[in-house]
Ligand code: CO8
C-alpha cells in the first residue's frame, strides 16, 4: 500500500462581509415589519410576536462576529432576507465551480502542480448547486484536468470524508494526485428570518491536494490516519430537493432550508466527537498531549472548547485550537480546512495535529497529520 499525504491547501474568500450588527439590524427591521402586518392577531393573542435578535447573544453563544457571503445586499435587505445570486447560462461557469476553481488554483500553485499532474477531482460539500452534471466534472474541465471527477455530500464533514476518499485512491494506487474541493454557499440554504439560526453560516471555498508521498513537495503533511463515523439524526436537516417540488407548502417552506435543534446537536455531538478522537488517538499509539494543534470544525466556539478539553485534559488555548469563527462563521465542510490553511505555517518537521469535522448526519471525520521534513 502506498502512503498518502497532504501536499497543499487553498482558500478562496468572498469579497463581502456582514457584521453581526448589520445582520441583526436587518433581522430586527424584518421582525418589526412582520409584527406590524399582524398587529391585530398579535393583540388578540392568536400569534406570538417575533422578538429581536441580539449581537451580544450571537457572539456569546457561538463566537461569531461576522461572515463572508457571495451576495450581501439581498441578505441585509429586510424586504428580501436571502442572497440574490443571478442564475448563469449553461455556457458560463457555475457559481460553485468558480469558487472551487479559485481555491483549487491556489492549492495547485502552492504544490507546484500543473493540471496535467492531477488524476482526479472530488467536490465534497454540503449543498450542490444542481443535481448533475457533477460540480467536480465542471471544476475538472475548467482547470484542464484529465482523469475522473465526482461529487460527494456528507454535510459539514464532507472535507474529512473527501480527504479519506482521496487518500484511499492514493493508497490503493488508482490515483497519485487527487484534488478535493469544498465550495460552500451556505447563505443559499440559510433561513435569514429564523432568529435561532440566521447568524450561523457564511460562504467560502477550500481545496486540499492529496498525493502519493513519493511525488509530494517538500514541507507536505504525512497522513498518520483517517477515520470516519456516521450516526443518523434528524436534529440537523434540510429537506430541499426535487421530490418536494410538488409539495403543497412549496420550495419556500422553512424545512426546505437549514433547520436544527441546536441544543441537542451540541449535547450529542460533543461526546461523540471527543470519544472518536480519543479512540483514534489510541489506535495510532498517540495521546492528546502529542498534538501540537487541533483544527476543529468551526460551528461553535464553546463546542470546540469542550471537545479540545476532553482531548487535551485541559482547556486549549487559541494557539492549540485556533478559531476562524469570528470572521468566517460556520462554513460547513470548509471550516476545519480554513483553520488548517491559516494556522499551520509555524509547524516544524515532526509536529503533529488533527483536522476534525463534524455535523449533520450525524457525521464526523478525523485526519491526523504530521509535518514532513
Ligand atoms: N438573539 C437573541 N436571543 C436568541 C437568538 C438570537 N439570535 N437566538 C436564540 N435566542 C434565545 C432563545 O430564544 C433562547 O431563549 P429562552 O432561553 O428564553 O428560550 C436563548 O436565546 C437560548 O437559545 P438556545 O438554547 O438555542 O442557545 P444556545 O446557547 O444553545 O446556542 C447555538 C444556540 C449557537 C445554535 C448552539 O446550540 C450551537 O451552536 N449548537 C451546535 C450547532 C451545530 O454545530 N450545528 C451544526 C450545523 S452544521 C451542519 O452539519 C449542517 C450543514 C449545513 C450546511 C449549510 C446550510 C446553511
Q) Using the alpha-carbon atoms, what tilt in degrees (0 to 90, nearest 10) does helix 262-283 show relative to the longest principal axis of the chain? A) 10 degrees
Q: Within 10 Å, count the other beta carbons around each residue, average over each peptide in 322-333, 307-318, and list them highest first.
A: 322-333, 307-318
Q) If you stretched the chain out fully between residue 130 and residue 351, how much longer would it get, using 0.36 nm times the residue separation minus the C-alpha to C-alpha distance? A) 75.5 nm
(Q) What whole-number volume per residue, in cubic angstrom, does the convex hull of the C-alpha atoms of the chain give? (A) 141 Å³
Q) Just for the chain, what percent of DSSP beta bridges are antiparallel, to the closest 5? A) 75 percent
Q: List the relative contact order of the chain as a percent without decimals, with contacts defined as Cα pairs under 8 Å and 6+ residues apart.
A: 23 percent
Q: Only residues of the stretch 294-315 count here: report those whose backbone N is under 19 Å from the spot 7 Å along Cα→Cβ of residue 22, or say none.
A: none
Q. Rounded, prolate or oblate: which fits the stretch 43-161 when a ≥ b ≥ c are the square roots of the eigenvalues of the alpha-carbon gyration tensor, with rounded for a/c under 1.5 and prolate only if a/b beats b/c?
A. prolate
Q: Could you please rank 150, 340, 232, placing first whichever residue has the fewest other Cβ atoms within 10 Å of its Cβ?
A: 232, 150, 340
Q | Gain upon complete extension [residue 213, residue 1; 0.36 nm per residue less C-alpha separation] | A | 75.2 nm
**Q.** Per-selection Rg to Rh, the stretch 130-225 - Cα, Kirkwood hydrodynamic radius
**A.** 1.04
Q: Compute log10 of I(q)/I(0) for the stretch 221-371 with the Debye formula, placing one identical point scatterer on every Cα and leaving out solvent, at q = 0.08 Å⁻¹, to two decimals.
A: -0.25
Q. Given only helices, namely DSSP H runs of n ≥ 4 each adding -39500 (n - 2.57), what is the per-residue ellipticity at 222 nm of the chain, to the nearest 500 deg cm²/dmol?
A. -10000 deg cm²/dmol
Q) If one takes the longest principal axis of the Cα atoms in the chain, at what angle in degrees, from 0 to 90 and to the nearest 10, does the Cα axis of helix 158-172 lie? A) 20 degrees
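A short reminder: the numbers here are calculations on the coordinates, not readings from a lab. If you're wondering where the values come from, they're calculated on a predicted model, not measured in any experiment. Neighbour counts run over all protein chains shown; Cβ positions are idealised from the backbone, glycine included.
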